[in-house]
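Enquirer: After the structure tokens below, expect a handful of questions from me.
Throughout, read-outs are computed from the coordinates displayed, never taken from laboratory work. Keep in mind it's a predicted model, so treat the numbers as computed, not measured. Neighbour counts are summed over all protein chains in view; Cβ atoms, including those assigned to glycine, are modelled from backbone coordinates with ideal geometry.
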Amino acid sequence: MLESIKGKILKKMEGRITVDVNGFGLMVNTPLKNDSFNPGDEIFLHTYLSITKNGVELYGFKEHEGRELFKTIIKVPNVGPKTALSIISGLGVPGIKKALSNNDPEPISRVKGIGSKTAKRIILELKDSLQLTIRKKGDEARKALMKLGFLSEEANRCIERVLKEKEDLSSNEIVERVLKGT
């Protein structure tokens, strides 16, 4: 698997850039705004390589979280990489998370090429995935806090309070915020 690339931007086009990686020019589809790229700039991208009967495409994301969300979205039936990239480009990771947490398909349906049925299916499929991820992070944080002497119920209350303020934290960040707050 091609996990990431680092190199210089050779050229930019709508929705994609060409990155020089040690003499190889790689075309990368990206949700990032093209005006944030300039030829000659160094860039590091977390990547996803899509191999289908129609060809090979490389997708790049500045943040690891963007790539992981992309990989989750393409698991939804009838949603391919180009559609997933459009969603991330249109809403950004925070916008998608907000739509999921509010159980609101409307922002997703506003993305070009996404109908209301597909938006509802995406919300339905991804909401469970998002909740599972949040629960997993909470469980990891709970175990860490209990090793530090917190009682189970006390750890649960603190974690819940931290996650109400901000959902997209790693388990380490959750523990850090709990410890700063106590």
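Enquirer: Quick one: give the max-minus-min coordinate of the C-alpha atoms of the chain along each principal axis, largest first, in Å.
Expert: Taking the Cα atoms of the chain, the three principal extents are 54, 41, 29 Å.
Enquirer: Which of the residue pairs Lys97/Lys137; Lys62/Lys82; Lys6/Lys97; Lys127/Lys164 have a Cα-Cα distance greater than 20 Å in the structure shown?
Expert: Lys6/Lys97
Enquirer: Any idea what angle helix 81-101 forms with the longest principal axis of the chain, computed on alpha-carbon atoms, 0 to 90 degrees, nearest 10?
Expert: Roughly 20 degrees, rounded to the nearest 10.
Enquirer: Continuing with the same structure: Order these by the 10 Å Cβ neighbour count, fewest first: Lys147, Lys62.
Expert: Sorted ascending by nearby Cβ count, the order is Lys147, Lys62.
Enquirer: 222 nm [θ] for the chain, helices only, -39500 (n - 2.57) per DSSP H run of 4+, per residue, to 500?
Expert: After summing the helix terms and dividing by the residues of the chain, the value is -16500 deg cm²/dmol.
Enquirer: Hey, another quick one. Once both axes come from the Cα atoms, what is the angle between helix 171-181 and the longest principal axis of the chain, in degrees from 0 to 90, rounded to 10?
Expert: With rounding to tens, the tilt is 50 degrees.
Enquirer: Share of Cα-Cα pairs in segment 1-62 beyond 16 Å, in percent?
Expert: For segment 1-62, the fraction of Cα-Cα distances above 16 Å is 36 percent.
Enquirer: Then there's this: Could you tell me which residue out of His64, Ser86, Met146 lies farthest along the dipole of segment 64-182 toward its positive end? Charges go on the beta carbon: Lys and Arg +1, Asp and Glu -1, centred on the Cα centre.
Expert: Working it through, the farthest residue towards the positive pole turns out to be Ser86.
Enquirer: Another question, if that's okay. Could you put Glu125, Glu153 in order, starting from the residue whose Cβ has the fewest other Cβ atoms within 10 Å?
Expert: Glu153, Glu125
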